[in-house]
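Only one structure is covered here, and it is reproduced in the block below.
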Amino acid sequence: MARMFARRMWEAVRDLLPIVVVVVGFQTLVLRQPFPNVAELLVGALFVVFGLMLFVQGLEMGLFPIGEAMAYAFAKKGSLAWLLVFGFLLGFSTTVAEPALIAIAGEAADVASSAGYISSDEAVRSAYALQLRLTVALSVGAAIVLGILRILRGWPIQWLIIGGYGIVVSVTFIAPEAIIGIAFDSGGVTTSTVTVPLVTALGVGLATSIRGRDPLIDGFGMIALASLTPMIFVMLFGILRFGIRVGGAG
Amino acid sequence: MIEGLTTALIATSRDVFAVSALLLGFQYFVLRQPIPQIRRLLLGLVLVVLGLAFFLMGLELALFPLGELMATQLSSPEFVFGSETVPESPPWWKYGWVYLFAAIVGFSTTLAEPALIAVAIKAKKASRGTIRPWGLRLVVAIGVAAGITLGAFRIVTGASLVLFVAVGYLIVIIQTAFAPKSIIPLAYDSGGVTTSTVTVPLVTALGLGLAATIPGRNPALDGFGLIAFASLFPMITVMGYAQLADWRARRRLMRAEKGTNP
């Protein structure tokens, strides 16, 4: 117990150390300025180390076993439909309330109203932001469903990803301009620190429990899908909402 | 400080609450059998919430303000040119410190990225120990460092984002055709996990600082460019590393064969 604690602590310190070296080094050697608040800095570093330790412990105790337990339970029950429902809800529910997504959706509403796409009325803007959030959450749910189907059928991930980026590039040419930047950003915000371990454990668990699947080849890839589908869905949402952009360089 | 903790707690609790509700709902209504050790699982979720809350609060307290200040100072015209304004088309080599900062900030923040830690632990288990977590994280961190440095260079020179991203994806596609099959899904995933908690705020500050001071740059668009690079380059370095390891193993095997039967 004590040895595990010491190891976790050493690992957390090791993870944080490079950042501390960078910040201290640049502040003293390049910018040549004193530290604004040493006490806060130390307390903050302590919090980061402690937080990382708890997080890794929680991964091993909670998020990983949950993902695996659900994968085995569904594999045993043999109900594909419920597995897909579970995957969809998992992606949807962990994304819809994601703070980074809420922030981006709000920004997107401001951009759209200042570009004259929607009225600047408060109710219209918040409705638009909500629609965007639902679109992104839907797309992450769809990504997990696709990811599960891929594991079951053994489709190679590269065809899905490369094909997906092909779709992204082609839709970029016809999507309304105000939506494109937001669409690209939304791909980056969907994979939260809680979703990633859970989805990875689910994928690896499924690939392990199904005969003929390899955990490394078939278990990974869902995160990549979940950062791809939001771009496509958000641009399609833009087209549905504002119509196809005709002419004009992208 | 208290406020920072509360926001972080609320954000992660929401995720964990959704997961717990889903878990219990499926246990009672669909699977209709107890999930083993459910209390321990829920306790693990609580630890995740607490851990992330402390982690984020510590970052907000110690690193984000200073790091953001640094990014702004390093890209300011006074620091780079010793004058109030930036010349019309600034020479790219004047920004040496910015590139160095971009590289080591990308590298060091990626090593502390919790989502990447999680993927690395899983990769070790899925590969039965052949993929070492620390090694994978180092290779991803090198990729992020390269991506952000190139991204900073692109903002300074004003080169086309679409061109850079297109060339990057072309490299990814070519590598996909030649890299060992078992590394491809992991390489793709490592692109998606780098852009989360730690890296984004600092990198965004750097991008905004650069784009705001150099004439003719668009802060909203160019800030995004850095993040896109940060998720593109880890795919290249992870596949590249696997290709290198594969090639070396094959060469060793060929030498050993030559040694045994000349």
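The values are calculated or read from the model by the stated rules, or taken from the named source; none is laboratory data. Please read these numbers as outputs of a predicted model, since none were measured by experiment. As a convention, Cβ positions derive from the backbone with ideal geometry for all residues, glycine included, and neighbour counts pool all protein chains shown.
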Residue that is surrounded by the fewest Cβ atoms within 10 Å (Cβ to Cβ), among those in the stretch B:147-205 that are hydroxyl-bearing (Ser, Thr, Tyr), more than 8 Å from chain A (Cβ to nearest Cβ) and not in a helix (DSSP H, G or I): B:SER160
Matching residues, the stretch A:115-127, being assigned to a helix (DSSP H, G or I) and not aliphatic (A, V, I, L, M): A:GLU122, A:ARG125, A:SER126
Members of the stretch B:10-45 that are of a type in the set (S, T, N, Q) and either part of a helix (DSSP H, G or I) or touching a Ser or Thr at 6+ places or on another chain (Cβ under 6 Å) (or both): B:THR12, B:SER13, B:SER20, B:GLN27
Any hit, the stretch A:230-237, residues being closer than 20 Å to B:TYR169 by Cα, in the same structural domain as A:SER170 (by TED's automatic domain parsing) and outside any helix (DSSP H, G or I): no
Hits in the stretch A:188-205 (condition: within 21 Å of B:THR130 (Cβ to Cβ) and of a type in the set (A, V, I, L, M, F, W, C)): A:ALA201, A:VAL204
Residue selected from the stretch B:110-125 under the condition more than 7 Å from chain A (Cβ to nearest Cβ) and within 11 Å of the chain's Cα centre (by Cα), by the criterion farthest from A:THR191 (Cα to Cα): B:THR110
Options B:ALA102, B:ALA53, B:ALA11, B:ALA71: the member that is within 27 Å of B:VAL144 (Cα to Cα) and in the same structural domain as B:THR199 (by TED's automatic domain parsing): B:ALA102
Flag for B:ALA230 being modelled with pLDDT of 80 or more, closer than 22 Å to B:GLU113 by Cα and out of contact with any His (no Cβ under 7 Å at 6 or more places or on another chain): yes
Residue within the stretch A:193-203 that is more than 10 Å from chain B (Cβ to nearest Cβ), at negative phi and modelled with pLDDT of 90 or more present: yes
Residues satisfying the stated conditions in the stretch A:161-184, i.e. more than 11 Å from chain B (Cβ to nearest Cβ) and surrounded by 17 or more Cβ atoms within 10 Å (Cβ to Cβ): A:VAL171, A:ALA175, A:PRO176, A:ALA178, A:ILE179
Tally, over the stretch B:122-142, of residues that are among the β-branched types (Val, Ile, Thr), over 17 Å from B:PHE233 (Cβ atoms) and either touching an Asp or Glu at 6+ places or on another chain (Cβ under 8 Å) or crowded, with 24+ Cβ neighbours inside 10 Å (or both): 0
